[in-house]
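The values are calculated or read from the model by the stated rules, or taken from the named source; none is laboratory data. Since the structure is predicted, the reported quantities are computational estimates derived from the model, not experimental observations. Note: ideal-geometry Cβ built from the backbone for every residue, glycine included; neighbour counts use all protein chains shown. The protein model used for the area step is the full one, side chains on, heavy atoms only, and it has no ligands, DNA or RNA in it. Shrake-Rupley method; radii C 1.70, N 1.55, O 1.52, S 1.80 Å.
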Amino acid sequence: MNDTAQLVQYILTGITVGAIYALVGLGYNIIYNVTEVINFAQGEFVVLGGLVMVFMTNTLHLSLPVGFFLTVSVVTILGALMDKLTIEPIKDANVLTLIIITIAVSIIFRGLAMLIWGRDPYALPAFSKAPPFTLFHAIIQPQALWVLGITTIVVILLSLFFRFTMMGKAMLACADSPEASRLMGIPVKKMVLISFVLSAAIGAVAGIVITPISLMEYDRGALLGLKGFGASILGGLGSFSGAVIAGLILGLIESLCAGYVSSGYKDAIALIVLLLVLFVKPSGFFAGKRASLKKF
Amino acid sequence: MGCEKKKILTLVSFLVIFPVLVNYIPAISNYLEVMIFAGIFCLVTIGLSLLMGYAGQISLGHAAFLGIGAYSSGIITAKFGLSPWIGIAAGIAISSCIAVVVGIPSLKLKGHYLAMATLGFGEIVFIVFNEEVNLTGGPSGFADIPYLHVGSFEFSSELTYYILVWAVVLMGLFFALNLIHSRVGRAWRAIHGNEMAAEAMGVPTSRYKLKIFVLSSIYASVAGSLYTHYICFLNPSSFDLFWSIKFVMMVIVGGMSSVWGAIIGTILLTYLGNEWLSAFKHFDVLVYGIILLLITMFLPGGIVSLPRILRSKRTNSR
């Protein structure tokens, strides 16, 4: 393999992984936009998505679309339960309490995943049986195209939802001022519930599409969550397009550094970028004029 | 301070009686060792409870500071053959420098930033411990770390180490209590009560919060050095994210409104982890998660708030 082919290979890997970070970042943004809570269990949704899909396809032998639909439903229900049982009942919700609750839930999810699936990584068959093909002498797995395609669809659907539906607009209003929204007759509790449902669903989708490429095991959540958070911070917390661009950039940086600098420090690179952004420009680099850090 | 004196007296008498009890009751013969670990972790959580209870901030990377102290001590004594006291000092120096670098930018911002920054920092440190094989021995770690000694006296027996660790914890506790009851402590309470009001009254809030963060990192680093010279073996697994979360949990279970809560929670959870939950093996994670969730939701003041709640229930029913 020559140098260009290698570069193309790294770039493609980077974009594929980056798409997953973007999806995780979007999950953070949705909940943050409505509740101003950073959900530390976001990475766990991705893990559960992958592992529940393993159960649906490898254990129950369901077809891909049915398994996909059922998996997203299961994880979505878990997200809704998380809000109903742990977030909603808290009355004097300060930031510290909410952080700790989402951390506790993430530990419980991780423990349950270990109880059910054990500590081994699981694989999933690729979505299509097409053989890998080459582009500029680099080898492309068709699954990478699935990841990119599905990410694009999710992003488009989300922007349509927030821009053109009453519910999406109501959710954004809750973000600006929960008090004013309540006075205007927006059911804030319901909007919070929907935000958890949406980000659980997005997390599940991310887990389902990436597992055929990178396998999935019970304790991936923390690192995936952190890198996704890196994407949402780099893109400007709360900004959807920012998270997508930033996720792709993070994936690219990580893949290029792993290829040319040090593979051992691959996981550290995205985190170093996260810390640098927090220190240099915590409002992010790719946020539009409207999306700005509110209460931070 | 009078009330604090009584508590300190209770703690000290418990610490004196404990080894005697352990000596005479065979069923708990290994409890002295567990108590040494509890003491080491208490140092971490006393610092952490100052950060959580007074600055209203949370650190998800304190296991990394513990690790920095531990590896500084281990590397300096086992690899360079220098005095363990140099190791402890190096750990403190490195930890506090890192705490300043991580703390300054994140503490200026509010909310979740310190939590995320420390979480990311903790993961980076954990990766460094695993990757710098020449220095840290990588995932398998390294052994042959000498015992702590003063002159020719070696802290090698369980009882001497127990006394050493808890003496250091008591010193840390005195220092923390003195700080709380000083001008600095009043400023911390003002910040916790209402940060904006404190700022308006002329309290430089981010500088005060940074001071707590650095102090808590020093506590953790000293704890790490003590840990190293007790087990005389190091690998990265004791310094991962889950340990950071466990420290936070110890503070919350005990109650973050006072340093006493940290001590109670730490002793309780250390026994839970080292002894009582061993039947669960790896699934203790699940138990921890459930405990953390239930305490946060239903007993947000932790164990130390129980007497007050019971008292108010009794007066209400009367």
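Is it the case that segment B:266-286 has a residue that's open to solvent by 30 Å² or more (accessible area, probe 1.4 Å), assigned to a loop (DSSP other than H, G, I, E, B) and of a type outside the set (S, T, N, Q)? Among the residues of segment B:266-286, not one is open to solvent by 30 Å² or more (accessible area, probe 1.4 Å), assigned to a loop (DSSP other than H, G, I, E, B) and of a type outside the set (S, T, N, Q), which makes the answer no. Considering only residues in segment B:41-55 that are within 10 Å of the chain's Cα centre (by Cα) and small (G, A, S), the one that is farthest from B:I264 (Cα to Cα) turns out to be B:G47. When A:K169, A:K129 are checked against the criterion of being basic (K, R), open to solvent by 80 Å² or more (accessible area, probe 1.4 Å) and more than 24 Å from A:F55 (Cβ to Cβ), a single residue qualifies: A:K169. Hey, does segment B:7-20 have a residue that's touching a Gly at 6+ places or on another chain (Cβ under 7 Å) and not polar (S, T, N, Q)? Within segment B:7-20, none of the residues are touching a Gly at 6+ places or on another chain (Cβ under 7 Å) and not polar (S, T, N, Q).
Considering B:L210, B:L241, B:L215, B:L234, the condition of being surrounded by 18 or more Cβ atoms within 10 Å (Cβ to Cβ) and touching an Asp or Glu at 6+ places or on another chain (Cβ under 7 Å) is satisfied by B:L241 alone.
Among the candidates A:L226, A:L193, the residue that is part of a helix (DSSP H, G or I) and more than 14 Å from every other protein chain (Cβ to nearest Cβ) is uniquely A:L193.
Scan segment B:128-146 and give yes if some residue there is outside any helix (DSSP H, G or I), within 9 Å of chain A (Cβ to nearest Cβ) and modelled with pLDDT under 85, otherwise no. No, the conditions are met nowhere in segment B:128-146. Being closer than 26 Å to B:R189 by Cα and open to solvent by less than 10 Å² (accessible area, probe 1.4 Å) is the filter here, so list the residues in segment B:157-171 that pass it. Listed by number, the list holds a single entry, B:V169. Exactly one residue among A:E254, A:E217 is open to solvent by 30 Å² or more (accessible area, probe 1.4 Å) and among the acidic types (D, E), and that residue is A:E217. Tell me yes or no: at least one residue of segment B:6-22 is open to solvent by 20 Å² or more (accessible area, probe 1.4 Å), of a type in the set (K, R) and modelled with pLDDT under 85. No: zero hits. Taking segment A:139-167 as the range and being part of a strand (DSSP E or B) and out of contact with any Phe, Trp or Tyr (no Cβ under 9 Å at 6 or more places or on another chain) as the test, no residue passes. Pairs, please: C-beta under 6 Å, at least 6 apart or cross-chain, first residue outside any helix (DSSP H, G or I) and in segment B:303-318, second modelled with pLDDT under 85 and loosely packed, with under 10 Cβ neighbours inside 10 Å? Sorted first by the residue in segment B:303-318, then by its partner, the list stays empty. Please determine whether any residue of segment A:124-131 is touching a Gly at 6+ places or on another chain (Cβ under 9 Å) and under 24 Å from A:V34 (Cα atoms). No, segment A:124-131 contains no residue that is touching a Gly at 6+ places or on another chain (Cβ under 9 Å) and under 24 Å from A:V34 (Cα atoms).
From A:V273, A:V205, A:V244, A:V261, grab the single residue that is within 14 Å of chain B (Cβ to nearest Cβ) and in contact with a Leu (Cβ under 8 Å, 6 or more places away or on another chain). Before you say what the answer is, go through the steps one by one.
On the way: A:V205 fails: within 14 Å of chain B (Cβ to nearest Cβ); A:V244 fails: within 14 Å of chain B (Cβ to nearest Cβ); A:V261 fails: in contact with a Leu (Cβ under 8 Å, 6 or more places away or on another chain).
A:V273 is the lone residue from the list that is within 14 Å of chain B (Cβ to nearest Cβ) and in contact with a Leu (Cβ under 8 Å, 6 or more places away or on another chain).
Here the condition is being among the aromatic types (F, W, Y) and away from chain A (no Cβ under 14 Å); of B:F80, B:F121, it holds for B:F80 alone. When A:A175, A:A138, A:A93, A:A113 are screened for being within 14 Å of chain B (Cβ to nearest Cβ), modelled with pLDDT under 90 and open to solvent by less than 80 Å² (accessible area, probe 1.4 Å), only A:A93 passes.
Of the residues making up segment B:95-118, those that are at the interface with chain A (Cβ under 9 Å from one of its Cβ atoms), of a type outside the set (V, I, T) and either closer than 14 Å to A:L276 by Cβ or open to solvent by 50 Å² or more (accessible area, probe 1.4 Å) (or both) are B:P105, B:S106, B:K108, B:K110, B:Y113, B:M116, B:A117. Quick one: which of A:T4, A:T13, A:T35, A:T76 is open to solvent by 20 Å² or more (accessible area, probe 1.4 Å), more than 21 Å from the chain's Cα centre (by Cα) and of a type in the set (S, T, Y)? Within the list A:T4, A:T13, A:T35, A:T76, the selection yields A:T4. Within segment B:256-275, identify whether any single residue is at the interface with chain A (Cβ under 10 Å from one of its Cβ atoms) and either small (G, A, S) or in contact (Cβ under 8 Å) with a residue 40 or more places away in the chain (or both), and answer yes or no. Yes, segment B:256-275 contains a residue that is at the interface with chain A (Cβ under 10 Å from one of its Cβ atoms) and either small (G, A, S) or in contact (Cβ under 8 Å) with a residue 40 or more places away in the chain (or both).
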